[in-house]
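Here the structure comes first, spelled out in structure tokens, and everything after it is commentary.
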Amino acid sequence: QVQLVESGGGLVQPGGSLRLSCAASGRIVSIYAMGWYRQAPGKQRELAAAITSGDRTNYADSVKGRFTISRDHGKNTVYLQMNNLKPEDTAVYYCNADVLVVGGMRRELYWGQGTQVTVSS
């Protein structure tokens, strides 16, 4: 009922920047929190950044001061601006959204398919 499509991943050198986008579509009534998670090879998926419907933000300590999460409520889109990237930022990045759908009785969490970010020289 809801699709999340991510874009913007790729290969970048250390110190470089990337901007990820995630657009939600479908039978959406409201989107509450949205977030970006990441999963490096051999590691568990972890929160990178999250943003509430009121635009309050939360960041993992490892990305504070380098990543910025934002959203366009009118476009149902969340962004992750990543600056000063480091090799340890290499991971598959997934977006998620807490959504109330048309006809739904409760909110549900949806995930995107993931986009690869590789930081390497």
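Candidates are the residues of segment 93-121 that are of a type in the set (Gly, Ala, Ser) and open to solvent by 70 Å² or more (accessible area, probe 1.4 Å); the one that is nearest to GLN44 (Cα to Cα) is SER121.
Figure legend. Inter-residue proximity from segment 67-90: first residues surrounded by 13 or more Cβ atoms within 10 Å (Cβ to Cβ), second residues in a helix (DSSP H, G or I) and not charged (D, E, K, R), beta-carbon distance below 9 Å, spacing 6+ or different chains. No pairs are indicated. Evaluate segment 83-94: report whether one residue or more is of a type in the set (A, V, I, L, M) and closer than 22 Å to TYR32 by Cβ. Scanning segment 83-94, I find no residue that is of a type in the set (A, V, I, L, M) and closer than 22 Å to TYR32 by Cβ, so the answer is no. Entry remark, segment 1-55: residues being open to solvent by less than 70 Å² (accessible area, probe 1.4 Å) and either among the small types (Gly, Ala, Ser) or not in a strand (DSSP E or B) (or both) number 23 in total. Residue count for segment 1-57 under the criterion of being more than 11 Å from the chain's Cα centre (by Cα), over 19 Å from TYR110 (Cβ atoms) and of a type outside the set (Gly, Ala, Ser): the result is 11. Taking first residues from segment 3-14 that are of a type in the set (Asp, Glu) and partners that are at pLDDT 95 or above and open to solvent by 90 Å² or more (accessible area, probe 1.4 Å), the Cβ contacts under 8 Å between residues at least 6 apart in sequence or on separate chains come to GLU6/GLN113. Do the conditions hold for SER120, that is, is it touching a Leu at 6+ places or on another chain (Cβ under 9 Å) and either in contact (Cβ under 8 Å) with a residue 24 or more places away in the chain or at positive phi (or both)? Answer is yes for this residue.
Only residues that are part of a strand (DSSP E or B) and touching a Lys or Arg at 6+ places or on another chain (Cβ under 9 Å) were counted across segment 65-120, and they come to 16.
The values are calculated or read from the model by the stated rules, or taken from the named source; none is laboratory data. Note that the coordinates shown come from a computational prediction; the quantities given were computed from them, not determined experimentally. No Cβ is skipped: glycine too gets one built from the backbone with ideal geometry, and neighbour counts run over all protein chains shown. Please note that ligands, DNA and RNA were not included when accessible areas were found on the heavy atoms of the full protein model with its side chains. Shrake-Rupley method; radii C 1.70, N 1.55, O 1.52, S 1.80 Å.
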